[in-house]
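Single-structure report; data block below.
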Amino acid sequence: MSTSKAQLPSWTFAQLLSAYSDFLIVSIHTILYEREIYPHETFMLARKYNFPVRQSRHPQVCDWVRNAIGACMDQMRKGNVCKVSVVILSSIDIPLERFVFDVTSFPKVSLREQDVEMKNLTFNMTDMEEQFRTCIMKLSHVSSVLGKLPPECTFTVTIELNEEANAPVGHDSPWVPADDTTSKPGTPLKSVPPKVRPLRNVLMGPLSFDIWVEESKAKDKVVVR
């Protein structure tokens, strides 16, 4: 990145998380479109990161995605999350694919410091949007390598917690504990690991992350449309 100091903005960790939240929402809509979880005609063409993207027209889908990522951000602010995943499920809830956003490299910043300007950052908004745009481009072409899914697939969003984090469960929590079949594609066939396809590695200081997709061996046993 060739960014001079004069061009660098002042970022807080809260601002970086807000930008990443927007990116995750765009990513999920892209996955839902590309994997045909909903019919293509239910999506509209929009623009984000100077790139054409798809967004669901259905208010309930938009609200669900927004609320799910909002719940993710609540845990990420606490430094609890190492992975956010979009899991594609068959009509009988067998995990077929898992799109993983690995945020293990995100720093742990205390809540009282999250609105304080971060030091020694070497990227600006243009750099950030370029990285996000490249990730969305990768997701936009993923169906060419993953092939078709069976009819009536659904999806969910899961988080994987750091070892030291307490599970965010309780009567007022939006999260429920996931069993292995949801959090890890292919786990019913524990001796057969899922196929892993790396999509993007982003190195951007405190906003560094990896994206990959895991394909369950269960995909080999389902009838595609």
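What follows is calculated from the coordinates using simple rules that are stated; it is not laboratory data. Note that this is a predicted model, so its numbers are computed, not measured. Cβ sites come from the backbone with ideal geometry, for glycine too, and all protein chains shown count toward neighbours.
Measuring r between the beta carbons of Phe51 and Ser208 and using R0 = 25 Å, the FRET efficiency lands at 0.75.
Basic side chains Lys and Arg get +1 at the Cβ, acidic Asp and Glu get -1 at the Cβ, and with that the dipole of region 5-221 about its Cα centre reaches some 480 debye. Mind giving me the FRET efficiency for Val145 and Asn201? R0 is 25 Å, r the Cβ-Cβ distance, nearest 0.05 is fine. About 0.90, to the nearest 0.05.
Karplus-based coupling profile of region 89-96, in residue order and whole Hz: 10, 6, 5, 10, 6, 8, x, 10, with θ = phi - 60° in 6.51 cos²θ - 1.76 cosθ + 1.60 and x standing for Gly or Pro. Amide H contacts for Leu199 (H built 1.01 Å from N in the peptide plane; partners 5 or more residues away or on another chain; cut-off under 5 Å): Ile211, Trp212, Val213. Working note: Karplus 6.51/-1.76/1.60 with θ = phi - 60° gives region 10-15 the couplings 9, 9, 9, 5, 4, 5 Hz, where Gly and Pro are set to x. Projecting label points 7 angstrom from Cα along Cα→Cβ for Cys62 and Glu163 puts them 4.3 nm apart. Note on Ser18 and Ile92: with the Förster distance fixed at 25 Å, the Cβ-Cβ geometry gives a FRET efficiency of about 0.10.
Highest average first, the peptides 40-53, 23-36 ordered by how many other beta carbon atoms sit within 10 Å of their residues are 23-36, 40-53. Across region 103-113, rounded Karplus estimates of 3J(HN,Hα) from the backbone phi angles (6.51 cos²θ - 1.76 cosθ + 1.60, θ = phi - 60°) give 10, 4, 7, 4, x, 8, 10, 4, 4, 6, 9 Hz, Gly and Pro being marked x. So which of Lys138/Lys195; Lys48/Lys83; Lys83/Lys108; Lys138/Lys221; Lys148/Lys195; Lys83/Lys219 end up more than 19 Å apart by C-alpha? The pairs that break the limit, which is 19 Å between Cα atoms, are Lys48/Lys83; Lys138/Lys221; Lys83/Lys219.
Counting every pair of alpha carbons in region 5-221, the share spaced more than 20 Å apart comes to 60 percent.
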